[in-house]
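The values are calculated or read from the model by the stated rules, or taken from the named source; none is laboratory data. This structure is a prediction, so every number in the text was calculated from the model and none was measured. Every residue, glycine as well, gets a Cβ built from its backbone with ideal geometry; the counts of neighbours run over all protein chains shown.
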Amino acid sequence: MRADLLAEPIDGLDEALAAVDALDRALAAGLLRPQPAQAADLTEVADAVAGTPLAERVAEAAGKAAAGAASEDHFVALAAARVALLGSVHDAITTRVDEAVGRPRGESTATPAGGPQAANPLAAARSWLSDLARAGWRGIDHDVVSGAAQIVTAMLPDPALRRLATLLDGFAAELAASCPGAALERVPSRRWGDLWSRAMLLTLPGAAGAPATGTATGRLLPLGVDLHEHATAAQAQVHAVFEPADGTPSRLVRAAVSVPKPDTVIGAGVWQLLRPHLSLLAALAEGRSMELTDMPVTAEGDLLWSDEHARPGEPADPFATARVALPAATAPAAAPLDRHPARIAVPVFLEGYAVRKDDDGVTFTVTGRPLAVDTGRVPDASPLTPEVVAASTACIGLLRWDAGTFGVQPLAVETTVRKKAVAMHAGAWAAGTADKAGAKAEKAATEAVAVLRERAGRLLRK
């Protein structure tokens, strides 16, 4: 990988992010009675999209919002401008990453509009989001935030609206936990701006339509797993190289599973909740490939996993896959609403680097350039520790971009233990573990789940 390209500035990036920050400042203060500073920020947003198809609508929306007379349609236009600006940032960064790793990328395909959706819940959601924009993050209170509850309740029975319902529910919970906004020491403007603008666009009919899908038949070679864990939910996302049986070029794909979890299940116990829903986790832990037959897959490279379409294959070392198959695999293009720099996670293989470990963390020096290592993303439910990463000689990771710099999240490393080369994986315990700490967490998880099931059974019997 040419790390020198990652250190070079990207034209227009700072300007696009500055325009996003300008809209975020305006949203933080609220657009019910805008001040001159907010009007200037809105003008900056309009100027940033001048010359694009959004120019006229955003200019009108900025003018109306600056006068305190913005309608729902105007807020939709501002949300679209913000999403488009971050989409341009995403595209610029991924283009630079493709140059650095020397890997081809597939062409973008537009997501088709979904079927008919209930207009009333969408209009209600749009109205609530507009009220948030008028109040501003500094002006939120429980009366404003609580307006989402009935909307979410109305949406949840409709599968086509659950994506938006889940987003609104989580967004409202974050806002409620931060009320009153006037008392906040720091407003997470970028995050709340992301959630607001994404939700606003999802209220448009067809925006949340199901992605176009095809089928995949061939060999799946796992690279590693990215585990996300929260108090009440967990997700495992496996990154892999797919080799089609028809001989067409290999490509990068992902397979994910999400589950609710009790907050008492932590560490290696999380795998116990995930593994029954994704047999690929066992294959990854055992170092095996998977043979797929007509597995549903989206144009963005997401496998809609079903065990009916998969069976265990031959042994497949992830590091052999990374060295041989990864360089030629085509990367998928992102869906329009997924074009955001925070979603960039590009599988890479690194070796021959120097390592520095200090109080600031672990840094790899790749082709003479420093590359930060995000060991904070390494799950506790694995033998992969910061110390193991610091002693590594090769690494499979996800290249990410955050706050203007690139970094790598380790998924697996090769290191030396007692003069022998060994591989350590973030998903090594996905199929179970003999490690004392891991086995203890598994046992605790079993007991916690059993107690919860027994209590749930009692409640149902009553």
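Inspect the stretch 437-450 for any residue being at pLDDT 90 or above and of a type in the set (A, V, I, L, M, F, W, C) and give the result as yes or no. Taking every residue of the stretch 437-450 in turn, none turns out to be at pLDDT 90 or above and of a type in the set (A, V, I, L, M, F, W, C). Note on the stretch 338-384: among residues that are touching a strand residue (DSSP E or B) at 6+ places or on another chain (Cβ under 8 Å) and hydroxyl-bearing (Ser, Thr, Tyr), the one that is farthest from SER88 (Cα to Cα) is SER382. Of the residues making up the stretch 136-169, those that are among the basic types (Lys, Arg) and closer than 16 Å to SER197 by Cα number 1.
Test PRO347 against the criterion of being surrounded by 20 or more Cβ atoms within 10 Å (Cβ to Cβ) and at pLDDT 95 or above, and give yes or no. Yes, satisfied. Residues in the stretch 332-342 that are in a loop (DSSP other than H, G, I, E, B) and buried (at least 18 other Cβ atoms within 10 Å of the Cβ): 5 in all.
For the stretch 190-198, does any single residue satisfy the condition of being acidic (Asp, Glu) and farther than 29 Å from LEU252 by Cα? No: zero hits.
Any idea how many residues of the stretch 260-278 are without any contact (Cβ under 8 Å) to a residue 40 or more places away in the chain and crowded, with 17+ Cβ neighbours inside 10 Å?
Applying the first criterion (without any contact (Cβ under 8 Å) to a residue 40 or more places away in the chain) to the stretch 260-278 yields 260-261, 263, 276-277.
Adding the requirement that they be crowded, with 17+ Cβ neighbours inside 10 Å leaves 261.
Number of matching residues: 1.
Restrict the check to the stretch 22-40 and report whether at least one residue is buried (at least 21 other Cβ atoms within 10 Å of the Cβ) and among the polar types (S, T, N, Q). Within the stretch 22-40, one or more residues are buried (at least 21 other Cβ atoms within 10 Å of the Cβ) and among the polar types (S, T, N, Q).
Looking across the stretch 408-423, the residues that are touching a Ser or Thr at 6+ places or on another chain (Cβ under 9 Å) and of a type outside the set (A, V, I, L, M) come down to GLN409, PRO410, GLU414, THR415, THR416.
Given the stretch 1-85, what helices (runs of 4 or more DSSP H) lie entirely inside it while holding 3 or more residues that are closer than 30 Å to ALA372 by Cβ?
Fully inside the stretch 1-85 and qualifying: 3-7, 13-29.
Are any of the residues in the stretch 97-109 outside any loop (DSSP other than H, G, I, E, B), modelled with pLDDT under 95, small (Gly, Ala, Ser) and surrounded by 18 or more Cβ atoms within 10 Å (Cβ to Cβ)? Yes, the stretch 97-109 has at least one match. Quick one: would you say ARG138 is outside any helix (DSSP H, G or I) and either closer than 27 Å to LEU42 by Cβ or basic (Lys, Arg) (or both)? For ARG138, the condition - outside any helix (DSSP H, G or I) and either closer than 27 Å to LEU42 by Cβ or basic (Lys, Arg) (or both) - is not met. Identification of strands (runs of 3 or more DSSP E) wholly contained in the stretch 372-428 with 3 or more residues that are among the small types (Gly, Ala, Ser) and not assigned by TED's automatic domain parsing to the domain that holds THR95 yields 392-402.
Would it be correct to say that GLY247 is surrounded by 15 or more Cβ atoms within 10 Å (Cβ to Cβ), among the small types (Gly, Ala, Ser) and either touching a strand residue (DSSP E or B) at 6+ places or on another chain (Cβ under 9 Å) or farther than 27 Å from ALA423 by Cβ (or both)?
Values: surrounded by 15 or more Cβ atoms within 10 Å (Cβ to Cβ): no; among the small types (Gly, Ala, Ser): yes; either touching a strand residue (DSSP E or B) at 6+ places or on another chain (Cβ under 9 Å) or farther than 27 Å from ALA423 by Cβ (or both): yes.
Considered against the rule, which asks whether it is surrounded by 15 or more Cβ atoms within 10 Å (Cβ to Cβ), among the small types (Gly, Ala, Ser) and either touching a strand residue (DSSP E or B) at 6+ places or on another chain (Cβ under 9 Å) or farther than 27 Å from ALA423 by Cβ (or both), GLY247 comes out as no.
Restricting to the stretch 326-362, name every residue that is charged (D, E, K, R) and over 14 Å from the mean Cα position of the chain (by Cα). Result: GLU351, ARG356, LYS357, ASP358, ASP359, ASP360.
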